[in-house]
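The values are calculated or read from the model by the stated rules, or taken from the named source; none is laboratory data. Only a predicted model underlies this, so the values are computations on that prediction, with no experimental measurement involved. We place every Cβ from the backbone using ideal geometry, glycine too, and count neighbours over all the protein chains shown.
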Amino acid sequence: MAFFCHKGSIYLLSEAEMLGCRSTDSPMDVNTKPLPDQGEFLENIGRYRRLVRKLNYLTVIGPNITFTVSVMSQFLSVPRTTHLEAMMRILRYLKKTLGRGLLYSDHGHTKVADFLDADWTRCPFDRRLIIGYCLFLGGNLVS
């Protein structure tokens with residue numbers, strides 16, 4: 001059985017008026033780190049919050065954007081223009097990945113395996129712990 005975030009992505013791109021945008025190969029620029037005091041304050045905070053909320057929903061079926069969306073979720077209280085630009089990059093990445101997804105198949109067992117990684121230094125402005133994990137069920141990535 002295959003799960004694609006095709007419909008949700010198209011709906012979100014359409015709502016953000018980005019169906020005709022150029023796509024990008026990655027959801028986040030690896031050479032920049034979003035900080036809370038970069039850029040001007042946003043006039044329409046509600047738009048940023050709606051995008052984060054809808055992208056959080058898509059992370060359930062598109063875990064390739066989970067880390068980036070979690071980083072951008074840190075700026076919900078006072079989002080800035082640079083944060084919105086980073087959100088637009090995630091949307092451009094979604095356009096590139098339309099029709100791609102995860103394939104869940106029967107591997108003949110129900111073994112559960114998990115992997116965890118933690119990092120204290122990735123978040124440059126407050127040094128909070130950042131955790132990443134993978135959970136496999138029967139050889140299939142679940143979360």
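General observations
- Any hit, segment 29-37, residues being more than 13 Å from the chain's Cα centre (by Cα) and among the β-branched types (Val, Ile, Thr): yes
- Remark: residue 67 matches the filter, which requires a residue to be in contact with a strand residue (DSSP E or B) (Cβ under 7 Å, 6 or more places away or on another chain) and within 19 Å of residue 95 (Cα to Cα).
- Selection count, segment 9-33, where residues are surrounded by 14 or more Cβ atoms within 10 Å (Cβ to Cβ), at pLDDT 85 or above and in contact with a Ser or Thr (Cβ under 9 Å, 6 or more places away or on another chain): 2
- The residues of segment 92-108 that are over 25 Å from residue 27 (Cβ atoms) and at pLDDT 75 or above, listed by number, are 106, 107, 108.
- Top-ranked residue of segment 34-60 - restricted to ones that are in a loop (DSSP other than H, G, I, E, B) and closer than 12 Å to residue 90 by Cβ, ranked as modelled with the highest pLDDT: 34
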